[in-house]
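Worksheet: the structure to be examined is printed underneath.
The values are calculated or read from the model by the stated rules, or taken from the named source; none is laboratory data. Treat the numbers as computed from the prediction; the structure is a model and nothing was measured. Reconstructed Cβ throughout: ideal geometry from the backbone, glycine too, with neighbour counts over all protein chains shown. When the accessible area is computed, the model is the full protein with side chains, heavy atoms only, and any ligands, DNA or RNA have been set aside. Shrake-Rupley method; radii C 1.70, N 1.55, O 1.52, S 1.80 Å.
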Amino acid sequence: MAANNRRMSGKKGAQVGSGGQRRKGLEGKGPTPPAEMRKKHKANRIANAKAKQAARRPAPRGRGGKGTSEMVVGRNPVVEALREGVPAVTLYVQQFIDNDERVREALQLVGQRGGIHLMEAPRPELDRMTNGLNHQGLVLQVPPYEYAHPEDLVAAAFDAGEDPLIVALDGVTDPRNLGAVVRSVSAFGGHGVVVPERRAAGMTAGAWKSSAGTAARTPVARCTNLTRALEAYKKAGVTIVGLAADGESEIGELAALGGPVVIVVGSEGKGLSRLVGETCDFRVRIPMPGGAESLNAGVAAGVVLYEASRRRV
């Protein structure tokens, strides 16, 4: 009889004081997430490793040099960059992100454009990649811009049987102004833009957006020293024309704009630096009967480029 009781004591069933734990254990936990999103899963570790490797990959150096990789952060900026055709390598999407119209549009644009990797990453990894910025679960990696060498711009013009028409920027630090200048150079048949390597705007995502896609066909060259680059242009037979509020003549009076020319545009506040100004063959001014003291770099470059292209026709 005792043996019988021992066998019955092992019988399955609710235990006293279980608190309903067995019933809770039977409740569903929702659909199983993909392997890449499950912590401690091999696929999750591989996805995280790929995301880290892509974010840390160094940029190779070319003849004109390359910029640094850039991260566009936040849902609205990412969507706008994708709409404007800004080059992109990878779109990082936070795991378990709250889906909305911007997230859906970003994914749709990536699918339409093609060639952009789609990576899912945990929030701590995105926080690390963006240095704690409010990324809202979307981070777009823009590849380093491949700059041309200043000599390439002149060589391309001469090879095409044309007089070089180039814009050089001196002390322009706003990427939007750089993008606007690139757009004007493209519109008026110019051969490229030259920017200094330091203390100057580079081809960032903001510059790409301002160029309205023209940066894809208008080269931007980068030089270590703008004065030396201008002197090299002079030796190649190109006239250097600097824009200055106190220029000796007006743009309409300068016949040199009809030939091989580099137009140098300074910053809106400081204008041309001393050494760059002394290197110029001519310093011209834009007549402004309305009384404005100066124009921003993008507008000023557009005015002079129009005059140069008019003379060439």
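Residue count for the stretch 89-105, restricted to those that are of a type in the set (S, T, N, Q) and open to solvent by 40 Å² or more (accessible area, probe 1.4 Å): 1.
Taking the numbered list (1) more than 19 Å from ALA216 (Cα to Cα); (2) among the acidic types (Asp, Glu); (3) in contact (Cβ under 8 Å) with a residue 12 or more places away in the chain in turn, GLU101 passes all entries but (3). For the residues VAL276, VAL303, the requirement of being under 20 Å from PHE188 (Cβ atoms), part of a helix (DSSP H, G or I) and not small (Gly, Ala, Ser) singles out VAL303.
ALA207 meets the conditions (1) crowded, with 24+ Cβ neighbours inside 10 Å; (2) closer than 20 Å to ALA256 by Cα in every case but one. The failed one is (2).
For the stretch 223-240, the criterion of being at pLDDT 90 or above, basic (Lys, Arg) and in contact with an Asp or Glu (Cβ under 8 Å, 6 or more places away or on another chain) is met by at least one residue. A count restricted to the stretch 223-254 and to residues that are under 14 Å from LEU272 (Cβ atoms), open to solvent by 30 Å² or more (accessible area, probe 1.4 Å) and aliphatic (A, V, I, L, M) stands at 1.
The C-beta contact set for the stretch 228-241 (first residue under 16 Å from HIS149 (Cα atoms) and part of a helix (DSSP H, G or I), second residue of a type in the set (D, E, K, R) and open to solvent by less than 50 Å² (accessible area, probe 1.4 Å), distance under 9 angstrom, 6+ apart or interchain) is empty.
If you go through the stretch 243-263 and keep only what is assigned to a strand (DSSP E or B), touching a residue at least 40 places away in the same chain (Cβ under 8 Å) and out of contact with any helix residue (DSSP H, G or I) (no Cβ under 6 Å at 6 or more places or on another chain), you end up with just VAL261.
In the stretch 142-197, the residue that is least open to solvent (accessible area, probe 1.4 Å) out of those that are without any contact (Cβ under 8 Å) to a residue 60 or more places away in the chain and at positive phi is GLY192. Which ones in the stretch 219-246 are within 19 Å of VAL182 (Cα to Cα) and not small (Gly, Ala, Ser)? Those that are within 19 Å of VAL182 (Cα to Cα) and not small (Gly, Ala, Ser): PRO219, VAL220, ARG222, CYS223, LEU226, LEU230, ILE240, VAL241, LEU243. Among the residues of the stretch 78-102, the ones that are hydrophobic (A, V, I, L, M, F, W, C), modelled with pLDDT of 90 or more and more than 27 Å from THR214 (Cα to Cα) come to 1 in all.
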